[in-house]
Amino acid sequence: QVQLVESGGGLVQAGGSLRLSCAASGSTFSINAMGWYRQAPGKQRELVAIITSGGTTNYADSVKGRFTISRDNPKNTVYLQMNSLKPEDTAVYYCNTVMQAGSSWFPRNSWGQGTQVTVSS
């Protein structure tokens with residue numbers, strides 16, 4: 001099991017920016033694809049961005065052009081840079097290792113505590 005610790009959330013006005021970090025334990029970080037998810041109140045958790053071990057990225061349509069996922073393998077850390085934030089981006093954000101099945105991605109590990117992002121209008 002990989003231990004995941006998210007940080008960097010907070011309260012920001014619409015149009016603002018935040019950078020989330022996810023520190024992962026384990027020596028196999030560099031070979032894992034990583035994903036950022038979010039869960040808004042009353043809604044299901046959704047995948048917003050993934051980055052493969054080779055650095056290929058993919059984004060949900062709702063965040064494309066505003067969010068950027070990146071990774072620092074020596075630091076076992078994955079980041080989510082969020083720009084032009086909207087009130088609908090308000091959610092708890094989680095990271096996880098992910099695996100691909102067909103055209104879909106699925107989480108592989110237990111969830112961390114997440115980090116709250118609140119965007120005010």
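Worth a mention:
- Normalised per residue, the accessible area of the chain is 51 Å², obtained with a 1.4 Å probe and no contribution from ligands, DNA or RNA.
- Share, in percent, of DSSP beta bridges within the chain that are antiparallel, nearest 5: 90 percent
- Between S104, S27, S84, the GNM of the chain built on Cα springs shorter than 10 angstrom shows S104 fluctuating the most.
- Relative contact order, percent, the chain [alpha-carbon distance under 8 Å, six or more residues apart]: 35 percent
- Ranking T56, T97, T90, T28 by solvent-accessible area of protein heavy atoms (1.4 Å probe, all protein chains present), from largest to smallest, gives T56, T28, T90, T97.
- Only Lys, Arg, Asp and Glu carry charge here, each on its Cβ (+1 for the first two, -1 for the last two); on that basis region 5-120 has a dipole of about 40 debye about its Cα centre.
- For the pair R45 and D61 in one chain, pulling the backbone fully straight at 0.36 nm per residue adds 4.2 nm over the alpha carbon distance.
- Qualifying trypsin sites (Lys or Arg not before Pro) in region 1-96, DSSP loop, other Cβ atoms within 10 Å at most 13: K43, K64
- Taking amide H positions as modeled 1.01 Å from N, with prolines and chain starts lacking one, the residues under 5 Å from G10 and 5 or more places away or on another chain are V117, T118.
The values are calculated or read from the model by the stated rules, or taken from the named source; none is laboratory data. This structure is a prediction, so every number in the text was calculated from the model and none was measured. With ideal geometry, Cβ positions are generated from the backbone for all residues, glycine too; neighbour counts draw on all protein chains shown. Remember, those area values only see protein heavy atoms, side chains included, never the ligands or the DNA or RNA. Shrake-Rupley method; radii C 1.70, N 1.55, O 1.52, S 1.80 Å.
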